[in-house]
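A short write-up of the structure that comes next.
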Amino acid sequence: MKWGRPGVILVIVVIVAAVMGAAAAVQQALTVRDRRRFPPPGLLVNVDGHQMHLQVRGPDIDGPTVVLDAGMGSFSPNWHWVQVELAPTVKSVAYDRAGLGWSRPSRRQRDAQTIAMELRDALREAGIEPPYVLAGHSFGGLPVRAFADLYPELTAGLVWLMPPIRISGSAGQHRMPPKSLRCRSGSSVSEQPVGGELLTALQRQLSELTAHASFETVQGASHESLISDREHARVVAKTILSVVQAARDRDRAKTIG
């Protein structure tokens, strides 16, 4: 039996479709298996029709609560050592952005403002009350900054850990945080093989966004080890705690005044 060119193409299309269908079925089966083998360690809340995962640790005491936003492609377990260090003193929340970790994909567009709004909804659904000190590592610095733009009344402070943020007044850049906001950029590292000087300069600019800010370099740390290495995570946790304490002191001063 002879096959013409259209017939050969049709056979190839059918085979490719069958292989892709089988691969999709296998992937779905493995996904279901993994969900059973590795259940979410934290809370699941519903946000606009999809579930989001939050890992909450630490005592349920007066705020502010620390909210941790991981880098691109990363999710809540990346903050393990930081949360361990924070746990004796403050409540912290590490969450998974939509489509990462134990959070299901969202139907909404993926930009910093949308991610920040979803974070706000997730915190509200979980009953985690403001104010918040938000810490963003790498890409996580973008939604953290957007959160402060959208909800300044809920934001007690920011901690940026090597975020990809440029300081500019051009269109499309985030607005500057309020001058009264307690910010701290404790994000520069000493072991940055590519573009180290430029990245350090950008982090230093961030510390100049407000009069209530500071800047430091974590010696021996790299971009990833900043939160994945326990000793470096301890430095990051101390930085976060200093912002928490500053927010508490400011609130106490307002009460006395």
Within 10 Å of each residue's Cβ, count the other Cβ atoms and sort LEU68, LEU44, LEU142 from fewest upward. LEU44, LEU142, LEU68
For labels at GLU153 and ASP62 in the simple 7 Å Cα→Cβ model, what's the distance in nm? 2.1
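With a ≥ b ≥ c the root eigenvalues of the C-alpha gyration tensor of region 43-171, is it rounded (a/c under 1.5), prolate (a/b larger than b/c) or oblate? Can you show the working numbers first?
Numbers: a/c = 1.39, a/b = 1.13, b/c = 1.23.
The shape class here is rounded.
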Which of THR155, THR239 comes first, and how do the rest follow, when ranked by fewest Cβ neighbours within 10 Å? THR239, THR155
Only Lys, Arg (+1) and Asp, Glu (-1) charged, at Cβ; region 79-139 dipole about Cα centre in debye: 220
Would you mind ranking MET20, MET117, MET162 so that the residue whose beta carbon has the fewest other beta carbons within 10 Å leads the list? MET20, MET117, MET162
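A short reminder: the numbers here are calculations on the coordinates, not readings from a lab. The structure presented is a predicted model; accordingly, all values stated were derived computationally and were not measured. Reconstructed Cβ throughout: ideal geometry from the backbone, glycine too, with neighbour counts over all protein chains shown.
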